[in-house]
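Working notes, structure below.
The values are calculated or read from the model by the stated rules, or taken from the named source; none is laboratory data. Note that the structure is a prediction, hence the values are computed from the model and not measured. As a convention, Cβ positions derive from the backbone with ideal geometry for all residues, glycine included, and neighbour counts pool all protein chains shown. Please note that ligands, DNA and RNA were not included when accessible areas were found on the heavy atoms of the full protein model with its side chains. Shrake-Rupley method; radii C 1.70, N 1.55, O 1.52, S 1.80 Å.
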Amino acid sequence: MDVNYLLNFQTANSKSGRCKSTSDLLDIRNEKETPKKSNIAASQFLTPDFKWLQNDKEAYKMAWLSHRQLTRSCLDLGMISQSPGWAQTQAAETHVVCKVDHNGGSVQLPDSDICAHIPLGHVAPGETQEISLKAVLDPPQGLNNDYSTTVSPLLEVRVSNLRTKECISLEMKIAAEIRNDPLSQVMTDIVCLCGQKKEGPYEKMQNCYIYKDTLQVKLETLSPCMYIIAAAKATCLQPPASSVWDYISKQITIGVYGPKHIHPSFTAVCAVFSHNQTPEKLAISDMKKAHRNLPPVVLQLWGKNQFHLQKLQDLQIEAFPLDSKFEVKATEQIKQIKLVQLKMGRVLRPQFPLSMAGTGEHGSFNLAVQVKNLNHEVLVQFSVKTPGATPKSADKYQQRRFQRRKEVGRSAPIPEITVLKCPKFQDRTVNISRYGIALKSVLRQPKIEYLLEYFKGDTIALLGLEKVKAIGLTKVKEWYIGFLRGKVGLVHCKNVKVISKDQVIDFTDVTLGTKVLLDQIVLPFKKLTYMYSAIQSLCTEQIPSWKAFAEALGYPCLSLEDISRTQAQSEADKVACVLEKLKEDCHSDKFKRKFQHELLTALLKIDCQGLVARLTQNTVILTTAVELGIRWRELAEKAARLTKAQIDGYEAPHKGKNGEVGTEAMWKPAYDFIYTWSSHYGDGYRDVLQDLHLALDKMKSPITRHWRQLTGVLILVNCMDILRANAFPTTDEEQKHLQ
């Protein structure tokens with residue numbers, strides 16, 4: 001019997017396959033609320049010096065392994081972030097690391113009012129403890145609702161030595177106060193919450209003391225990583241109160257950000273914070289010029305103002321220059337801040353493009369900002385002084401530097417300074433501990449992508465015992481992810497009997513290598529819609545080494561002098577050059593190479609799984625929106641039980657002159673809905689993809705019956721851990737552990 005002939009492993013053509021960029025098609029609203037993105041800076045915390053331990057091999061090995069585990073947690077978990085989307089503003093997180101000894105001391109988070117006090121005798125004499133503080137501007141999902149609102153940034157606390165004798169005390173400012181009336185005093189309380197994970201769950205801390213706007217809390221029980229945040233919580237709501245906001249006076253901070261030096265045309269951002277933490281710099285990645293996305297830019301804090309908002313309401317922010325040649329377009333002068341956006345507690349970033357009216361010299365001016373309610377009553381008004389134009393001495397220096405660059409030409413190699421060394425992908429046999437014996441034969445006609453076919457008695461390698469829920473031929477079932485005869489796919493749980501490795505008789509068809517596993521799990525990315533500018537923004541900020549990235553893409557001898565149109569200075573610039581090279585090569589050979597497929601393969605080869613998870617979620621949300629079109633309304637009703645009025649609210653910004661949303665633009669409200677719906681999952685990207693699959697499966701005539709790429713993506717995210725564990729063992733001990 002010719003098994004390969006019977007099973008016919010050639011993939012069927014997909015009617016819904018897509019493999020082209022939509023960068024010329026997509027248009028995102030500037031007013032759209034966008035999530036925070038982790039910004040991991042290279043510091044002494046991530047690049048320690050182990051040379052002094054080289055004489056002690058055992059100490060060197062333990063220190064290196066501990067550091068590797070730490071950097072993995074910092075880089076990978078941090079990259080996943082909270083929400084998808086290509087129009088994102090990455091708030092620069094403030095981060096400090098300090099080492100304290102037996103004498104104790106204080107750790108102050110720069111440019112903030114957050115401080116940690118370590119008492120004398122906290123650790124034993126001769127011992128030290130590393131303490132890391134990081135302020136995350138956006139709160140975790142679920143803590144902002146009718147009964148609760150966060151009043152401080154999310155503070156991440158990491159400690160290295162848990163053998164302590166005293167308690168660490170934290171002190172921070174809160175951005176709310178309970179009103180003085182008796183009902184508010186009884187109904188509301190300011191609490192301090194602590195969780196082991198960013199997404200929760202969070203528990204109330206007992207040793208919390210509040211004096212006016214200052215909160216102090218003692219960390220009696222330490223763990224390697226803790227997340228702490230203050231919140232105002234209402235025990236119950238008594239009409240006419242509709243939320244906890246009716247019992248408190250919430251302090252709102254408006255931070256005005258702009259370039260270091262103004263130009264004839266630039267953009268200012270009026271960021272709205274629900275706490276006191278305002279970073280000195282803000283990285284913006286959704287800047288636009290002539291309807292095209294610009295590379296990410298870092299804006300400086302020009303000034304800020306705080307005011308108390310007495311009730312939760314819609315706001316209008318207006319920005320306009322005073323006595324200046326600059327002007328803001330009338331259509332861009334007023335930005336709407338919705339009540340729901342304020343309620344979520346996330347940082348809002350309305351943009352105001354300014355340009356000179358005419359020609360001539362330009363200099364510093366005052367930019368006025370007004371915050372009004374819907375009745376046009378001014379709640380707060382202030383102005384900030386902008387910086388001046390670029391100094392002329394700097395212009396001359398730029399000209400001299402450019403002249404020197406022309407004289408030198410490109411003969412001098414571009415120095416590479418790689419902060420983080422990427423691990424080496426190794427093609428090894430995957431260690432599998434569980435197998436399945438097929439209890440029946442399954443041969444499908446027509447073939448269904450990502451579902452395995454097998455004969456009764458076949459041995460199937462199971463890549464874990466976690467079950468995936470997806471639609472089969474007619475209904476939703478539970479599946480294992482398995483491998484058989486060169487193919488990774490799903491096998492129905494009821495069709496196999498799980499056995500151990502010792503019970504397997506023949507391993508011929510179930511021996512799997514990491515290279516084959518990688519090739520199989522990235523297959524869906526040949527047919528998913530993507531946006532190049534979003535990919536470029538994420539990759540340039542999160543790929544640690546352009547050289548390792550280029551080698552993983554198959555460019556081992558690539559020279560930046562051959563592909564860079566400008567002098568690449570930073571690591572991000574070099575990564576962008578390599579990415580552009582890949583795009584051009586894939587577009588010139590569209591039939592054999594697919595850009596996103598090649599990219600994801602390379603990222604997994606350099607162990608950038610956090611970035612892969614982020615790109616995967618972004619891509620799936622965009623592709624699903626395009627695939628659904630007008631049918632997104634049915635998904636909204638089933639997944640979130642939206643009313644017709646709520647659905648109309650999503651479609652209103654995208655209606656044309658005839659008052660309807662065009663067929664070609666229907667993906668926009670679909671994306672807005674899926675994006676908002678997925679944001680409630682926080683960092684749980686696997687849960688987002690699984691629940692989205694189930695929601696699509698439950699639709700009438702579900703698109704997932706013929707559009708199976710989402711099933712392939714589920715296989716990818718559930719196989720990433722086993723791929724990493726087997727492709728990147730670094731020590732003999734780790735390799736033995738896999739056996």
About the Cα centre of the range 95-238, how large is the charge dipole given +1 on each Lys and Arg Cβ and -1 on each Asp and Glu Cβ? Please answer in debye to the nearest 20. 220 debye
1/(1 + (r/R0)^6) with r = Cβ-Cβ of Gln445 and Lys638, R0 = 25 Å, i.e. FRET efficiency to nearest 0.05, evaluates to 0.25
Need one number: nm distance between label points at Ile630 and Thr221, each 7 Å from Cα along Cα→Cβ, rounded to one decimal. 5.6 nm
What is the magnitude of the charge dipole of the range 434-513 about its Cα centre, with +1 placed on the Cβ of each Lys and Arg, -1 on the Cβ of each Asp and Glu, and no other charges, expressed in debye to the nearest 20? 340 debye
Under 20 °C and 1.002 mPa s, how fast does the range 95-238 diffuse according to Stokes-Einstein, given a Kirkwood radius computed over C-alpha pairs? Answer in µm²/s, whole number. 135 µm²/s
With R₀ set to 41 angstrom, the calculated FRET efficiency between the beta-carbons of Leu162 and Val498, to the nearest 0.05, is 0.60
Whenever you get a sec, compute what percent of the accessible area on the range 526-727 sits on carbon and sulfur atoms (1.4 Å probe). 50 percent
Tell me, what is the 1.4 Å probe accessible area of His587, in Å² to the nearest 10? 90 Å²
Could you do me a favour and compute the accessible area per residue for the range 434-513, 1.4 Å probe, result in Å²? 49 Å²
Those trypsin sites (Lys or Arg not before Pro) in the range 442-530 that DSSP places in a loop and that have at most 10 other beta carbons within 10 Å: Lys475
Cα-projected label distance for Glu361 with Lys590, points at 7 Å along beta-carbon direction, nm: 5.3 nm
Would you please calculate the Kirkwood hydrodynamic radius of the range 434-513 over all C-alpha pairs and express it in Å, rounded to one decimal? 12.6 Å
Sorted by accessible area (1.4 Å probe), largest first, how do Val217, Val476 line up? Val476, Val217
Hydrodynamic radius of the range 526-727 per Kirkwood, over alpha carbon pairs, in Å: 18.7 Å
Fraction of accessible area attributable to carbon and sulfur, the range 95-238 (%, probe 1.4 Å): 49 percent
Accessible surface of Tyr202 in the full protein assembly, 1.4 angstrom probe, to the nearest 10 Å²? 40 Å²
I need the semi-axes of the equivalent ellipsoid of the range 142-181: take the C-alpha gyration tensor, multiply each eigenvalue by 5, square-root it, list largest first in whole angstrom. 30, 14, 9
Descending accessible area (1.4 Å probe), largest on the left, turns His693, His117 into His117, His693
For Val298 and Lys515, FRET efficiency with R0 = 60 Å and r from the beta-carbon atoms, rounded to 0.05? 0.95
How much length is gained if the chain between Thr474 and Asp427 is pulled fully straight, taking 0.36 nm per residue apart and subtracting their Cα-Cα distance, in nm to one decimal? 13.1 nm
Only Lys, Arg, Asp and Glu count, each charged at its Cβ (+1, +1, -1, -1), so figure out the dipole size of the range 208-339 about its Cα centre, rounded to 20 debye. 240 debye
Ranked by accessible surface with a 1.4 Å probe, highest first, in what order do Ser160, Ser545 come? Ser160, Ser545
Accessible area per residue for the range 526-727 in Å², computed with a 1.4 Å probe and the full protein assembly in place, what is it? 38 Å²
Accessible area of Arg179, 1.4 Å probe, to the nearest 10 Å²? 70 Å²
Inter-site label distance for Asn375 and Gln108 at 7 Å from Cα along Cβ, in nm: 4.3 nm
If each part is reduced to its alpha-carbon centroid, the range 308-364 and the range 464-534 end up apart, in Å, by 51 Å
I'd like the trypsin sites (Lys or Arg not before Pro) in the range 641-684 restricted to DSSP loop residues with at most 11 other Cβ atoms within 10 Å, sorted by number. Arg641, Lys657
Given a 1.4 Å probe, the accessible area of the range 95-238 per residue, as a whole number of Å², is 46 Å²
